[in-house]
Each structure stands twice: as structure tokens, then as C-alpha cells.
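Read through the structure below, which is laid out as C-alpha cells, and then see the notes.
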Amino acid sequence: MKILLLHSDYMEYEVKKKTRFAEPFEGKGERVEEVLVVFVSVEKGDTEETASRAVDEIRDVAEKVKSDRIVLYPYAHLSSELADAETAVNLLKFMEKELSNEFDVHRSPFGWYKAFKISCKGHPLSELSREIKGEDIELTQALKDEERAVSYWYILTPEKELVEVDRFDFSRYDNLRKFVDYEISKRRAADRTPPHVELMKRLEIADYEEASDSGHMRYYPNGRLIKSLLEMFVTEKCIEYGAMEVETPIMYDRGHPTLRKYLERFPARQYIIKGDKRDFFLRFAACFGQFLMNAQATMTYKHLPLRMYELTRYSFRKEQRGELVGLRRLRAFTMPDMHTVVRDMEEAKQEFYNQYRLSVDVLREIGLEPEDYEVAIRITKDFYKENRDFIHSIAEILKKPILIEMWDRRFFYFVLKFEFNFVDALDKASALSTVQIDVENAERYGIRYVDSDGKERYPYILHCSASGAIERVIYALLEKAFLSSKNGMLPMLPVWLSPTQVRIIPIAERHLEKAIEIANELNRNRIRADVDDRDETTAKKVRDASTSWIPYIAVIGDREMEENLLSVTVRKESTIKNQKKIKMSLKELIDVIKKETEGKPYKPLPMHFMLSRRPSMR
RNA sequence: GCCACGGUAGCUCAGCAGGUAGAGCGCGUGCUUGGUAAGCACGAGGUCGCGGGUUCAAAUCCCGCCCGUGGCUCCA
């Protein structure tokens, strides 16, 4: 926004003719004496926040020149980057309203050709221009609100008692203590790179891509397989839960009146794409696309709850440079995003409860148990008071204490949310699953349903990410594996996610043919098996398979050929000192793995099944 | 984004009072046909992150930038 301030003896204007942007106006014009005239150009990207900063400037100048009368005069010629007319009028009206508390404000109509006369006083303060940058401001209104909101911290015990956080006995809850420390005192102890960063590289899962922006990763064949399987799994679970899968654009008009409000909270966090005529921002979640779709749908109470799902590949958030780490925090990430339109708060609570259970279930099947994460519930005080029993009933689901953050008032779109927070090897917490009850966006987007009495009503909307970002799930699995290795176990991924599930190791060349035959049979049974046909010693091949976290290592030599059995090393039952080796038939091995991966998605080996034909990816 | 530290072979790192680069692993070739966490030998492989400056001479000193990690901040 650009403004030009002229302290004047008088200002006089006369309305001549409409432009195509003209706002309705009846009068002819007016003359105002002893006035501060403010010429205003509203620019692209300006928001109410920009406008209120302009108001502060104007107020400041008006007080200095001791003028209690102001003319707000829309004037396009101060800028070459003008906002659309609707925004401009809205912001001018907003400024008029803000200023009229203290001043006699005259707003000249927008979008008309006007003649004016002005007599500028000419003292040193009488002519000032100001540029108020919309994009660069750090603090938007919502952020200011957040600063003013006070948080109260409690622990909700499994016995449904609400205890102030200082009075809770954490002695049996080490992980929860770490999480609470992280949340409240913001204690940071880490002095090294998180373990998953080294692991994601060494296991050829993912790596930094210097040719892209920070926080955009490359995924090697192994990583793509793991990511793909997780994506398939979460998607299946959400569809099974009753969601309609959709796909929506990844970029949206920056000036779109509905989207802008949502954007205001994070002005510096968007990727901006220059279009031919309009500028676009890259989505940071699937909300927009789904809400716009919902707004157009004809819905009645009979259709509710209505669930819509999308896997965002990608969501973009231009996080601050120093916040990015490995797979924990990215600028481009994949997130399952489900929105549920519900009739009323009763239905919202019911869904919230069910989606909480869905999230527990999804994480558990992925390989993250309730003891691997800590629960946080964030809630407004009012909502808590009105729904005490409901909130307490949530504590029953996992029977573990929950951190409650209570706000004295609502400053964002939701009244209630939960998160499951993974606490990693460096005691840092990151949110995985989350569900929120949104009481604001239905109205903003014009999402309505027809109720049983024939009247249109605004529904509530739940936001649900059943697993959290897929990349973050991989991070959690790697950190968990690292933590388990500190407890003397061998680190590994769940079998259904392991890129190679069975490694066949022929002892000498004469066993190779049989090894290939076995691998083929396994692969026909949808088990990812490969063959280490390299010219290496058996010990070396076993070591390589072990350091690649392969769950089943099957050695085949003369003895196995003779007995028609495999000599299988089972990783999850082994330690580095004590390898668990079992003789079993091929059929038994197939049965064991099939049982272990039952109900999970499958994809074939991500690379050639002969190790000698496989490149090292880094 | 701010502060600190780091970037040298494909990988992990050594070298740095300024004098044109080293190890281990990996890779290639040969020997070896092996029995459960690293066989042996030989060989190839380097714009020392990028750009500028100081100097007879810069991987090494100075400045700027890029990337990474930690802290601050932040996480819709």
C-alpha cells in the first residue's frame, strides 16, 4: 500500500463519471476545510494488517499536524502493482472505520473519475509519502492475537483428573516429561545431527538436493518405495473410514478473497508463482481445494458427515531456513488431509473421537505404538468448560496422560485439536497425527447444508491428518529404529516397508542358480527378495545385508541344497552378538512373511534383484 | 530470517603458521569358490562448495554467496 499525505487548508472534489470498478455512490462531491488528505493506492498482497499499519501512520501524522479531519482519497497512480477493486474498496472501508473512532473521516468514492482542488499548507510536515509493505510484515493480526492469548498447561490423567502441569508426577512418564519440557520451557539440548539424517542417506532412502530449494528432498528407489507404500496405506485407511478421494490444484490465486484471510497468518511462508495475469501461492494443505469443492456441492443433513480426502503431494510451506532438518521439517511434503463436514457440535465430537481412534490405528499399523508418541490436546477454555466429560473420555482411549494446553480465548479457526507428538533420539518433539474442529471456515467459504427443517446452516468441519506428513513418518520410523538399537536390539524398519524383505546369499557360484530360483518364487508370492551374486565372501555378504537392515537373510550352500531348506537369519530376533538362525523351507518362509505383512500394500523390488546389477545411489 | 560451526576423491574424514593434495571404505582389474557382521594384490579416481580479493604463490588468509548442522525464532 502506498499513501501520500497532504496537510491542506482545504480539499474539494467533484464526481464526474463512472469507471468499470465504480462502487455505488449517490453524491456529487464535497469540500472539506482544515484537513489531512490521504491519497491511497491499495496494492497486490495488501491485507487488513497492511491497512491497519497504514492507519497507524495516518493517525501519527494527523496528531503531529493537529488535524482532526481526514479525507481518504483512492488514488491509483501511486503504484503499478494495484490490488483488485474489491480488495481495494474493502480495505479503504476498513481504514475509514478504523479512523472514524478518533477523526472526522471523509472517504471519496472508489472507481469514479473525479476533479479535485487542493491547497497544501507547505510546512515541513505537510507533505509525506509512505509505503506500507504487505508481504514483508512479520506480524499479522492473527499472530498478534496469538501473542496476546495466554496458555494454561495441564495434564489430563488416565483417571480423568485435570492436574496443573507443575503438580504432576512425571517420574513414570519420562517421554511425556521430555515432550512437556519441549513444549513449555522450550528447552533444547541437542548438540548433534539427528540420527535419522545419517540413516536416510546410508540406507539410500532420501537425501538433500542442492539444486532445489532447501527442504526439498530427493528420494532414491528405496525411499520412493517406502514413501509410496505409506501413501498407499494411509490413503486406503481413510477411504475405508469413509472418505471420498479427490484431487485439487496445488496453486491458488493470491488475491482470491476467500483464501486471503487464511493466508494472512503466514504472510512470509508462501511460495509465490508468477502467472500471466495473476500471482499464485502454492498450497500448504488441501483445505482450499476441498473447501471450494464443498462450497459448490449441494449438501443436506442426510449427506453428513461428509468426508473428503486428498494426499497432498506436495504441500508447500516456506519455513524459516534454520527450522529445516532432515525429514523432520521440510518445505515440500506429502500429507494425507481429510476434511469432514458435520451437522453440529455433537456430530463433530463423535467424529473427533472416531478420528482419534483412526489415527491411533493408522500409526500402530505403520509401526508406531502409543508408547512412541505423546498426546497433546489444545482447546479453548470455554470449549473445555462446556465439554468437560467429552474431553475426559478421550483420555480413556490410550489410557495414558495427555498434555492439555488451554487458551483463554480462540485466536484461530479451531476450538479443539489433538496431536500425537513423536519424541526423537534428541528429545525433540514433532507432531504426527492431528485432528481439529474448525468453527470458522464453513462460513468463510460459504459451505452450507440444508437441515431437516429446510433451512440452510453452516456446518462444522474437521481437519484430519491421520498419520501426519509421510516424510515425518519415515523420520519417526528411522529415529525409533535408532532408539531401539541403543537398547541392544538391531535397528530395522517394519517388514512391509523394508525395500528388500529377503536377501538370498549363495555361498559359491554353483549355488547361484538355485538362489535365483528361490528369489523368483518369493517375488512371485509378492515378497521382495534379491540375490547377492557378487564375488564376495559369505561373511561380507551377510554383513552388507545386515547393515542394510534386511529382515530375513537366507544363506544357501551345499547343505541347504541337500536338505532343501534355507538357513534364515531373522533380524528382529537377533542381536549383533547373537544371530537368530532358523532352518526353514521356502514355503515356511513365505508363510511367515505373508502373515507379517497381511493387509498392507505391496510393491515389487525397487531395484534389480541381482546385486551385481545394482548401482550404488550415492 | 539471526548467531555459531562445518563443506577436501562416490562415501567418512585427515591436511590448513600460504609453497599446486592424503587415508580408510567404495569402485575397476586380477587372484580367490568361500559357511553367517569387512579375503589378498594392483589400479583408476580431486574445478579442495561457488565467486571475488590479498600475495611471487591460496584447499590454507580476507570478503560475499550457496548448501548442511546446532541454537534462537517458528511449526496453518
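Looking at region A:166-186, which of its residues are free of Cβ contacts under 8 Å to residues at least 40 places away in the same chain and touching a helix residue (DSSP H, G or I) at 6+ places or on another chain (Cβ under 8 Å)?
A:F170, A:I184
Identify the single condition in (1) in contact with a Gly (Cβ under 7 Å, 6 or more places away or on another chain); (2) closer than 25 Å to A:E443 by Cβ that A:E346 does not satisfy, given that it satisfies every other one.
Checking A:E346 against (1) in contact with a Gly (Cβ under 7 Å, 6 or more places away or on another chain); (2) closer than 25 Å to A:E443 by Cβ, the one that fails is (1).
What pairs can you find where one residue is in region A:598-618 and within 11 Å of A:D530 (Cα to Cα), the other is of a type in the set (K, R), and their Cβ atoms are less than 6 Å apart, with a gap of 6+ or different chains?
The qualifying pairs are A:L605/A:R528; A:M607/A:R614; A:H608/A:R614; A:L611/A:R534; A:S612/A:R534.
Taking region A:262-291 only, how many residues are part of a strand (DSSP E or B) and touching a helix residue (DSSP H, G or I) at 6+ places or on another chain (Cβ under 7 Å)?
1
Got a sec? Which strands (runs of 3 or more DSSP E) wholly within region A:490-557 have at least 3 residues that are near RNA strand B (Cβ under 9 Å from one of its atoms)?
A:552-556
So which residues in region A:85-105 are in contact with a Phe, Trp or Tyr (Cβ under 9 Å, 6 or more places away or on another chain) and either surrounded by 19 or more Cβ atoms within 10 Å (Cβ to Cβ) or part of a loop (DSSP other than H, G, I, E, B) (or both), if there are any at all?
Result: A:A88, A:V89, A:L92.
Looking at region A:498-521, which of the residues that are out of contact with any Lys or Arg (no Cβ under 8 Å at 6 or more places or on another chain) and among the hydrophobic types (A, V, I, L, M, F, W, C) is surrounded by the most Cβ atoms within 10 Å (Cβ to Cβ)?
So the residue we want is A:I504.
Which one of A:V197, A:V180 is part of a helix (DSSP H, G or I), closer than 30 Å to A:E164 by Cβ, within 15 Å of RNA strand B (Cβ to nearest atom) and more than 20 Å from the chain's Cα centre (by Cα)?
None of the other options fit; the residue is A:V180.
Condition test on A:E310, is it assigned by TED's automatic domain parsing to the domain that holds A:L363, in a strand (DSSP E or B) and among the charged types (D, E, K, R)?
Taking the combined requirement at face value, the residue satisfies it.
Could you run through region A:592-618 and say how many residues are crowded, with 17+ Cβ neighbours inside 10 Å and either assigned by TED's automatic domain parsing to the domain that holds A:R202 or within 13 Å of RNA strand B (Cβ to nearest atom) (or both)?
Number satisfying all stated conditions: 1.
Would you check which residues across region A:420-429 are near RNA strand B (Cβ under 8 Å from one of its atoms) and outside any loop (DSSP other than H, G, I, E, B) and list them?
A:A429
Inspect all residues belonging to region A:549-568 and state whether any of them is among the polar types (S, T, N, Q) and in contact with a Pro (Cβ under 8 Å, 6 or more places away or on another chain).
no
Scan region A:230-272 for residues that are within 15 Å of RNA strand B (Cβ to nearest atom) and more than 23 Å from A:F414 (Cβ to Cβ) and jot them down.
A:I250, A:M251, A:R254, A:Y271, A:I272
Need pairs with beta-carbon distance below 6 Å; first residue outside the structural domain of A:N90 (by TED's automatic domain parsing) and within region A:258-285, second near RNA strand B (Cβ under 10 Å from one of its atoms) and aliphatic (A, V, I, L, M); sequence gap 6+ or separate chains.
A:R265/A:A142; A:Y271/A:L282
What's the number of the only condition in (1) surrounded by fewer than 16 Cβ atoms within 10 Å (Cβ to Cβ); (2) of a type in the set (D, E); (3) outside the structural domain of A:S433 (by TED's automatic domain parsing) that A:D544 fails to meet?
Of the numbered conditions (1) surrounded by fewer than 16 Cβ atoms within 10 Å (Cβ to Cβ); (2) of a type in the set (D, E); (3) outside the structural domain of A:S433 (by TED's automatic domain parsing), the odd one out for A:D544 is (1).
Which numbered condition trips up A:R364, out of (1) within 27 Å of A:L324 (Cα to Cα); (2) of a type outside the set (S, T, N, Q); (3) buried (at least 17 other Cβ atoms within 10 Å of the Cβ)?
Just one mismatch for A:R364, condition (3).
Please state which one of A:A469, A:A481 is out of contact with any strand residue (DSSP E or B) (no Cβ under 7 Å at 6 or more places or on another chain), within 13 Å of RNA strand B (Cβ to nearest atom) and among the hydrophobic types (A, V, I, L, M, F, W, C).
A:A481
Considering only region A:367-376, state which residues are out of contact with any strand residue (DSSP E or B) (no Cβ under 6 Å at 6 or more places or on another chain) and either surrounded by 16 or more Cβ atoms within 10 Å (Cβ to Cβ) or assigned to a helix (DSSP H, G or I) (or both).
Passing the criteria: A:G367, A:L368, A:P370, A:E371, A:D372.
Just give me the residues in region A:560-591 being more than 16 Å from RNA strand B (Cβ to nearest atom), free of Cβ contacts under 8 Å to residues at least 12 places away in the same chain and under 42 Å from the mean Cα position of the chain (by Cα), in sequence order.
Scanning region A:560-591 gives a single hit, A:D591.
The values are calculated or read from the model by the stated rules, or taken from the named source; none is laboratory data. Quick caveat: nothing in here was measured; it's all calculated off a predicted structure. A quick note on method: Cβ atoms are made from the backbone with ideal geometry, for glycine too, and the neighbour counts reach across all protein chains shown.
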